[in-house]
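> Below is one structure. I have some questions about it.
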Amino acid sequence: VRIFKKEYQVTPYEYFLTRKHQLACFYLTETELSIKQIAAKLHFQNEYYFSRFFCLRAKIPPNQFRKKMAKLQI
């Protein structure tokens, strides 16, 4: 853990959570998967837990994030 933190400046768990959030953003912007499908793909217990995780990280619910990003891509 110390070597990892020294190399990446974050704990392995924080790195894992950041990576999970990045994948969630990718799935929300680049696919038509439902929130429930994305939650399952990222191994969350359910879509509600995924939504809570996403809101804490992005400060916006996943469905609003998807709509916002779709408007930016047009």
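The values are calculated or read from the model by the stated rules, or taken from the named source; none is laboratory data. Bear in mind that the values here come from a model prediction, so they are computed numbers and not experimental data. FYI the Cβ positions are ideal-geometry reconstructions off the backbone, even for glycines, and counts take in every protein chain you see. Protein only, heavy atoms only, side chains kept; ligands, DNA and RNA dropped before computing areas. Shrake-Rupley method; radii C 1.70, N 1.55, O 1.52, S 1.80 Å.
> Averaging over every viewing direction, what projected area does the convex hull of the Cα atoms of the chain cover, in nm²? Numbers along the way, then the final one.
Values: hull surface 22.1 nm².
Reported value for the Cα convex hull: 5.5 nm².
> Enumerate the lysines that K67 could reach by cross-link, defined here as Cα to Cα under 21 Å, with residues fewer than 8 away along the same chain left out.
Of all the lysines, those that pass the test against K67 - Cα under 21 Å, at least 8 places apart if same chain - are K20, K36, K41, K59.
> For E32 and I60, compute 0.36 nm times the residue count separating them, minus their Cα-Cα distance, and round to one decimal in nm.
Values: separation 28, 0.36 × 28 = 10.08 nm, distance 1.86 nm.
Gain on stretching E32 to I60: 8.2 nm.
> All other residues with a Cβ under 13 Å from the Cβ of V1 taken together, and with Lys, Arg as +1 and Asp, Glu as -1, what is their net charge?
Residues near V1 contribute +1 overall.
> Follow-up question, since we're still on this one. Please report the relative contact order for the stretch 35-74, taking Cα pairs under 8 Å with a sequence separation of at least 6, and give it as a percent rounded to a whole number. Intermediate values should be presented prior to the final figure.
Values: 21 pairs, mean separation 10.1, N = 40.
Across the stretch 35-74, relative contact order equals 25 percent.
> Less than 17 Å apart at the alpha-carbon level, and either on another chain or at least 8 residues along: which aspartates and glutamates does that give for K68?
Straight-line reach from K68, under 17 Å: E30, E32.
> Moving to a separate point now. Rounded to the nearest 500 deg cm²/dmol, what is the calculated helix-only ellipticity per residue at 222 nm for the chain, with -39500 (n - 2.57) per DSSP H run of length n ≥ 4?
Helix contribution divided over all residues of the chain: -23500 deg cm²/dmol.
> Using a probe radius of 1.4 Å on heavy atoms only, what accessible surface per residue do you get for the chain? Whole Å² is fine.
Using a 1.4 Å probe on heavy atoms only, each residue of the chain averages 80 Å².
> If you don't mind, there's one more thing I want to ask. Once neighbouring chains are kept in place and the probe is 1.4 Å, which whole percent of the accessible area of the chain is contributed by carbon and sulfur? Write down the numbers at each step before the final one.
On the way: 3350 of 5900 Å².
C and S atoms contribute 57 percent here.
> Another question, then. Ranked from the most accessible area to the least, with a 1.4 Å probe and all protein chains present, what is the order of V10, V1?
V1, V10
> Given a cut-off of under 8 Å on Cα pairs at least six residues apart, what relative contact order in percent is computed for the chain? Working shown, then result.
Values: 45 pairs, mean separation 15.6, N = 74.
Once normalised by length, the contact order is 21 percent.
> Among F53, F4, what's the order by accessible area (1.4 angstrom probe), most exposed first?
F4, F53
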